[in-house]
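Below is one structure, written out as structure tokens; comments come after it.
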Amino acid sequence: MPLDHEETAAGAEGFRKENTGPDPDFVFEVEAAVALGDSVKVHELVGDLHEADLGALLELLSHEARPRLVELMGADFDFTALMEVGEATREDILEELPVETLVEGMRELESDDAVAILETLEPAEQAEVLEALPAQERIVLRRSLDYPEGSAGRLMQTTLIAVPPFWTAGRVLDFFRETDGDELPDNFFEVFVVDPGYHLLGTVFLDALVRAKPGARLDEIMQADRRRVKATEDGSEAARLFERYNLVSVPVVDESERLVGALTIDDIVDVIQEQASEEIKALGGVNPEEELTDDFWWIAKSRFTWLFINLLTAFITSSVLKTFQSQLEQMVALAVLGPIIAGQGGNSATQTMTVAVRALATRELNRANAMKIIFRELAIGAVNGAAFGLVTGLVAANWFQNVGLWPVMALAMFTNLVAGAFGGIAVPLLFNRFKFDPAVSSGPFVTTITDVVGYGAFLTIASMWFHLK
């Protein structure tokens, strides 16, 4: 996706109302114009929309109106807008468009965006679109599609500036001025220096190029040790490289160190955002691929598994309560206060688990510092457990006018918050060790630990303190 340096288009003023979001009246007007097939009106309404706003508009339109709007816009439709919609919406639009429209729209896209669209198509349709493209574009896109899904090779831009080391700074700048703008990348930050075999020798950033004397050779001013990414490397690994070293672009090479493309920060921002979104969904037991526009029954089915696992763990908790059925009947206060212990332990565990899962995803938590972090979380759980134990014990003793509840609540709360802290970090580490996604797997098990330990510790301590049988 190219970086956008333009001002927000004027058409966005009608689309967004006081910066609070899409204007329903505007969306209704567009829907009506599309339904009537009024191309002039559609152009008038959305012709000046920024690609991001056009993508947001497509998300709000009905299933039938989306591809119809693309057809009414014709050559004026910016296919970059399809990069601003969810995958389900993109599929919804692409499967309704004729091949000719797809080919015409894709010819104006950067290679990484064109690959993203091709990924969405069925194999037969994908092959048909590729065959309709010019030979040079077809070869480039097919090569990108040969790389693993989600890899740097799929994300990279293949339009770049690569020059030999004996060129001078002045010659490169002359090359920029003399070359047709359509043959240059839409946005770029550096010039790549390569040998005759296209092996990457180094790079020269544009600021260094402008500052250099016109006669300075590139091999004298280039960065020979420039960080690079393998085309087969996962996009998330490339994103970590950008984060760690504050990069704005990075060359992509094949196994023989030949330059094949470049990643820019806009490509990586999308990867980071997608990763964060997937982690948040996974922690809530939602399929990472789920979107607001997905099919109703598909969403219901995808959420069923998580809910079923939680149901099974709830029965485990209930079995603990059943074990203490006699004690609960003898002292009703225990039934009232038990959920406080279990709930607070669950909250503590969720805090620790969220931090642990995110740290594992960013590689901040690893074998080297795992024990240190575990002991730190245990200490935090102990401190909070002692504090909340004293508070809840005091409240419970006053509430039920029973001083004996104070030490029972305090000790049980302390025990469960320590257990919650341990479970919140130990469970994600364990799942990560055995190559399971800790974001998806940890939740039910961590809450089960705090529920079982919370109720079990509270009722056991109470039974011993009050001599209940």
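The values are calculated or read from the model by the stated rules, or taken from the named source; none is laboratory data. Everything quoted here is computed from the prediction, not taken from an experiment. Don't worry about glycine lacking a Cβ; one is built from the backbone with ideal geometry, like all the others, and counts go over all protein chains shown. SASA here: full protein model, heavy atoms, side chains in, ligands and nucleic acids out. Shrake-Rupley method; radii C 1.70, N 1.55, O 1.52, S 1.80 Å.
Taking every alpha-carbon pair in segment 60-187 and binning the separations at 10 Å intervals from zero gives 11, 39, 30, 14, 5, 1 percent.
Highest mean packing first, where packing is the average number of other Cβ atoms within 10 Å per residue, the peptides 335-346, 56-67 line up as 335-346, 56-67. When only alpha carbons are used to place a centre, segment 277-336 and segment 101-178 end up 46 Å from one another. Between the amide H of Ser151 and those of Gly235, distances stay under 5 Å, these residues lying 5 or more places away or on another chain, with hydrogens modeled in the peptide plane. Of the heavy-atom accessible surface of segment 211-325 (probe 1.4 angstrom), what whole percent is carbon and sulfur? In segment 211-325, the share of accessible area belonging to carbon and sulfur is 58 percent. Normalising by residue count, segment 328-386 has a Cα convex hull of 92 Å³ per residue. Among 255-262, 175-182, sorting by the average number of other beta carbon atoms lying within 10 angstrom of each residue, highest first, gives 255-262, 175-182. For the chain, the solvent-accessible area with a 1.4 angstrom probe is 52 square angstrom per residue.
Shape analysis of segment 120-267 yields a ratio of the Cα radius of gyration to the Kirkwood radius, Rg/Rh, of 1.00. Within the chain, DSSP assigns beta bridges of which about 80% are antiparallel (rounded to the nearest 5). So what is Rg over Rh here for segment 335-456, counting just Cα atoms and using Kirkwood for Rh? That ratio is 1.06, to two decimals. Heavy-atom accessible area with a 1.4 Å probe sorts Phe26, Phe436, largest first, into Phe436, Phe26. Per-atom-type breakdown for segment 358-404 gives carbon and sulfur 68% of the accessible area (1.4 Å probe, protein chains only). Expressed as a fraction of 2.2 N^0.38 Å, the C-alpha radius of gyration for segment 219-353 is 1.77.
Mean separation of Cα pairs under 8 Å and 6 or more residues apart, divided by the residue count, gives the chain a relative contact order of 11 percent. Which pairs, out of Lys281/Lys435; Lys322/Lys435; Lys322/Lys469; Lys281/Lys322; Lys230/Lys435, put more than 25 Å between their alpha-carbon atoms? Beyond 25 Å: Lys322/Lys435; Lys281/Lys322.
Expressed per residue, the C-alpha convex hull volume of segment 281-391 stands at 163 Å³. Membrane-span-like helices in the chain, defined here as complete DSSP H runs extending at least 20 Å along the helix axis by their C-alpha atoms with mean Kyte-Doolittle hydropathy no lower than 1.0, are 332-361, 370-399, 405-433; this is a sequence and geometry rule, not a statement about a membrane. As a size descriptor, the averaged projected area of the C-alpha convex hull of the chain was calculated at 29.5 nm². Measuring nothing but alpha carbons in segment 236-315 and taking Rh as the Kirkwood radius, the Rg to Rh ratio lands at 1.19.
Annotation for segment 188-210 versus segment 371-444: alpha-carbon center distance of 55 Å.
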